[in-house]
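Following: one structure in structure tokens, then a few remarks.
The values are calculated or read from the model by the stated rules, or taken from the named source; none is laboratory data. Values in this document were obtained by computation on a predicted structure and should not be read as measured data. Glycine also receives a Cβ, built like all others from the backbone with ideal geometry; neighbour counts cover every protein chain displayed. Note: accessible area is taken over every heavy atom of the protein model, side chains too, but ligands, DNA and RNA are not part of it. Shrake-Rupley method; radii C 1.70, N 1.55, O 1.52, S 1.80 Å.
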Amino acid sequence: MREAVARQRFAHSTGSVRTSATATVCGMRWAVLIGVVLVSSACSQTVGGDPQPVPGSSPGTSAHPSSPETAFPDRIAWVRQGNPVDLGAFHSARLDGGPATDLRDDIAFTSPTGKISCITGTALKMDGFDCMVELKDPAPAPGEGFGNWFGGYVTYSGSRMTVGQFRGDPGLFIHGEGPTLPYDSTVTFGDYLCRLATTGLTCVDPTKGTGVQMSSEGVVPLGCLREVPAAEREPAVGRAYAC
């Protein structure tokens, strides 16, 4: 993990830490120590109201394009045109330059800037993958929740995507982050394809007709994904999208 990026530490205790909507939001990196996870208040900042553009869209890009069915096939084609990557180099993760942990069937990768880091969770029977994105305007917390709020935590499983999440543990990032993925690379795993460009990461699931574009400017749902009303989404997430 890069020293220039702010690190969030979590409290490890028998109970969870309760956090409000105006509580901690900081850089999207987990600093995990074996057997102890600490809360760092030094990188916290107050967030109030919806940032502009709203989380889930980028400047000049609508979160709900008028003709997504027309544009999405072109996006899939573009993702496939990237340079294919051998996944053999991406089955490991490490913490702050420490020893690498073998992820076996899972993969992990990080952008050259360190602003986007993704990992799969097949070992835990999880479809899709989780990403940490260093957003200029992190998603605001939906209210109170247990754990610490991370406005740039993205989950994508083909049929559903969420942005922002309360977490009390590092989850899939317990072993750190994956190797650096070069720009213009296309990673293919299962039904998913991801292409990394200097403008961000675009991932698609052609079988589900969905995708997501991630960059520091925002997180954009693609294909048939539409925002789920607040009353129907998980209480621990900031925004949710489904078809």
With each label point set 7 Å from Cα along the Cα-Cβ vector, what nm distance links Thr113 and Thr188? 2.8 nm
Over what distance in Å are the Cα centres of region 166-199 and region 105-127 separated? 4 Å
Mean accessible surface per residue for region 81-127, computed with a 1.4 Å probe while every protein chain stays in place, in Å²: 56 Å²
Under 14 Å from the Thr122 label point (7 Å along Cα→beta-carbon), backbone N, region 133-171: none
How big is the accessible area of Asp96 in square angstrom, nearest 10, if you roll a 1.4 angstrom probe over the protein chains? 90 Å²
Under the classification rounded if a/c is under 1.5, otherwise prolate if a/b is larger than b/c and oblate if not, where does region 64-159 fall, given a ≥ b ≥ c as square roots of the Cα gyration tensor eigenvalues? oblate
Among the Cα-Cα pairs of region 104-214, the proportion with separation greater than 25 Å, in percent, is 17 percent
Between Cys243 and Arg94, what FRET efficiency comes out of the Förster formula 1/(1 + (r/R0)^6) with R0 = 51 Å and r the beta carbon distance, rounded to 0.05? 0.90
Using a cut-off of 25 Å between alpha-carbon atoms, which lysines can reach Lys208, once sequence neighbours fewer than 8 places away in the same chain are excluded? Lys125
For region 149-224, what D do you get in µm² per second when you plug the Kirkwood radius from alpha-carbon pairs into Stokes-Einstein at 20 °C and 1.002 mPa s? 159 µm²/s
Env charge @ Phe189, Cβ radius under 10 Å, K,R +1 / D,E -1, value -3
Isotropically averaged projected area of region 186-243, using the convex hull of Cα atoms (one quarter of hull area), nm²: 4.6 nm²
By the Kirkwood definition, with r running over pairs of different Cα atoms, region 82-131 has a hydrodynamic radius in Å of 11.8 Å
